[in-house]
1. What number of residues within segment 87-106 are of a type outside the set (A, V, I, L, M) and in a strand (DSSP E or B)?
2. I'd like to know if segment 65-75 contains one or more residues that are in contact with a Lys or Arg (Cβ under 8 Å, 6 or more places away or on another chain), in contact (Cβ under 8 Å) with a residue 24 or more places away in the chain and under 20 Å from GLY42 (Cα atoms).
3. Go through segment 76-86 and count every residue that is touching a residue at least 40 places away in the same chain (Cβ under 8 Å) and outside any helix (DSSP H, G or I).
4. Quick one: in segment 148-174, which of the residues that are more than 19 Å from THR129 (Cα to Cα) and either among the basic types (Lys, Arg) or within 19 Å of the chain's Cα centre (by Cα) (or both) is modelled with the lowest pLDDT?
5. Just to be sure before I move on: is GLY9 at pLDDT below 65, out of contact with any Phe, Trp or Tyr (no Cβ under 8 Å at 6 or more places or on another chain) and more than 22 Å from GLY144 (Cβ to Cβ) in the structure I sent?
6. I'm trying to understand the selection: among the residues of segment 35-52, which are loosely packed, with under 14 Cβ neighbours inside 10 Å and of a type in the set (Val, Ile, Thr)?
7. Return the residue satisfying two criteria in turn: it lies in segment 87-123 and is of a type in the set (D, E, K, R) and without any contact (Cβ under 8 Å) to a residue 60 or more places away in the chain, and of such residues it is surrounded by the most Cβ atoms within 10 Å (Cβ to Cβ).
8. In segment 160-186, which residues are under 11 Å from HIS139 (Cβ atoms) and aliphatic (A, V, I, L, M)?
Amino acid sequence: MKTVGRISGIFFAAVVLSGCSTVRYVRPIEKGASVVSVSLGGPVTQVGGKYLPLPLLSAGYGYGATDHLSIEAGLHITSALFGVAHVDAGVNWAALKTKGMIPGVVLSPKVVLLSNFKPHESRAYPVLTPSLYWKRGKHLWYTGAENWFERHTVRSDGNRQPHHWLFIPFIGYGISKGKWQFQTEARVYMPNLSNEVGPTTNLGFGEYGIFGIFLGVNRSFGGGER
């Protein structure tokens, strides 16, 4: 395994399992409205000789605190079934709303907590995600990148942590029907690092990056149909 691609087991799990993070509800949530989300998908991994996205399941909730700020939280169900508590919480700030061909701008700071209930292996990761989105009628297009920041200098295996900033670019599409929204999203985990990490064989750009594919369903409550 190449040194450039080695990251701590706990950090790799955090990044990969973030792939089961609820597909983002990018557009601003109307003030006083709530959104419940479910998503399925994950990194594209070799299973039985074929490359398939892992069926990782997660759920999320968002609330429109103002017309420009929403509060969000996510629970990663699959990781919980394997004894890993994985939750995230943060806000979405709509710095600019989309108008015609001008994209909307959303900044999403959050904290991801990951723990297998062993104090020395538990981690908290600050994450900042800038996004651009375009909305035309029932259709929504968006793109952006998650930016993870590793605060620890030592990996969970006791070795030095060489990587303190990892990014995950993504692109997605959604279509709305009343208070329902259906989305699909593609991501590339760590395109600058080797994908020869862990016991699995992952699909990426040759030896670098890991592709991820996701499907999501959102249901809004309160507010008007948008």
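The values are calculated or read from the model by the stated rules, or taken from the named source; none is laboratory data. In this text, all values refer to a predicted model and were calculated from it rather than measured experimentally. Neighbour counts are summed over all protein chains in view; Cβ atoms, including those assigned to glycine, are modelled from backbone coordinates with ideal geometry.
1. Filtering segment 87-106 for residues of a type outside the set (A, V, I, L, M) gives 88, 90, 92-93, 97-100, 103-104.
From the residues that got through so far, the ones that are in a strand (DSSP E or B) too are 88, 90, 92-93, 99, 104.
Of the residues in that region, 6 qualify.
2. No, that holds for no residue.
3. The qualifying residues number 3.
4. ARG155
5. Yes; evaluated as a whole, the condition is true for this residue.
6. Within segment 35-52, VAL47 is the sole residue that qualifies.
7. LYS110
8. Result: ILE175, single match.
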